[in-house]
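This report concerns only the one structure given below.
The values are calculated or read from the model by the stated rules, or taken from the named source; none is laboratory data. As the structure is a computational prediction, the values presented were derived from the model and not from experiment. Cβ atoms come from the backbone with ideal geometry, glycine included; neighbour counts cover every protein chain shown.
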Amino acid sequence: MIRPRHHFTLIDLMAAIGAAALGFGWVAWVAPGRAGPGLIVVGPLVGILCDRWRGGRGILGGTLGGAAHAVLGVIMLITGPHWPGGAALSSMADWPAQVVVMTAICITFGSLMGVAAWLAAAVMGRSVAPTLPSTNDTLLRQR
């Protein structure tokens with residue numbers, strides 16, 4: 001019977017919290033006094049937690065979470081405006097450039113959060129989430 005690799009430790013949680021704190025700190029420095037830009041942290045944070053839970057480093061999860069946030073932004077842009085003065089295709093003459101810049105920022109931000117989570121976990125002694133022992137490990141211990 002193959003055991004699942006899904007395992008989440010306190011170190012994984014602390015690494016994700018450290019990455020989120022770094023992300024929120026950067027957002028507060030770039031856009032002080034605004035709450036909206038802080039939502040950019042949510043996508044990469046969910047991706048990091050999922051990736052660490054599956055046994056990864058968190059970098060790929062952060063990148064995919066940033067990409068998911070960018071896709072959500074594109075959907076909001078296409079279906080908008082959702083509030084007075086909000087962005088929509090009909091109100092933006094240069095929307096292709098905005099989409100490219102927004103996507104690049106989200107993916108880069110997610111990747112950097114993933115790297116921060118990986119480094120935080122490595123400092124605490126576990127760069128990759130632990131996996132349950134495989135059959136080969138059990139056979140080696142029996143010898």
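Here are the numbers for this structure:
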{"item": "VAL74 vs. criteria surrounded by 14 or more Cβ atoms within 10 Å (Cβ to Cβ), in a helix (DSSP H, G or I) and more than 15 Å from the chain's Cα centre (by Cα)", "result": "yes"}
{"item": "Number of the condition not met by SER90 [criteria: (1) at pLDDT below 75; (2) hydroxyl-bearing (Ser, Thr, Tyr); (3) in contact with a helix residue (DSSP H, G or I) (Cβ under 9 Å, 6 or more places away or on another chain)]", "result": "(3)"}
{"item": "Filter result for VAL100 (free of Cβ contacts under 8 Å to residues at least 24 places away in the same chain and under 9 Å from the mean Cα position of the chain (by Cα))", "result": "no"}
{"item": "From the options PRO32, PRO37, residue that is under 21 Å from MET102 (Cβ atoms), over 11 Å from the mean Cα position of the chain (by Cα) and not in a helix (DSSP H, G or I)", "result": "PRO32"}
{"item": "Where a residue in the stretch 22-42 is within 13 Å of HIS69 (Cβ to Cβ) and its partner, wherever it lies, is part of a loop (DSSP other than H, G, I, E, B) and not β-branched (Val, Ile, Thr), with Cβ under 6 Å and at least six apart", "result": "PRO37/ALA31"}
{"item": "Test result for TRP118, under 16 Å from the mean Cα position of the chain (by Cα), at pLDDT 75 or above and among the hydrophobic types (A, V, I, L, M, F, W, C)", "result": "yes"}
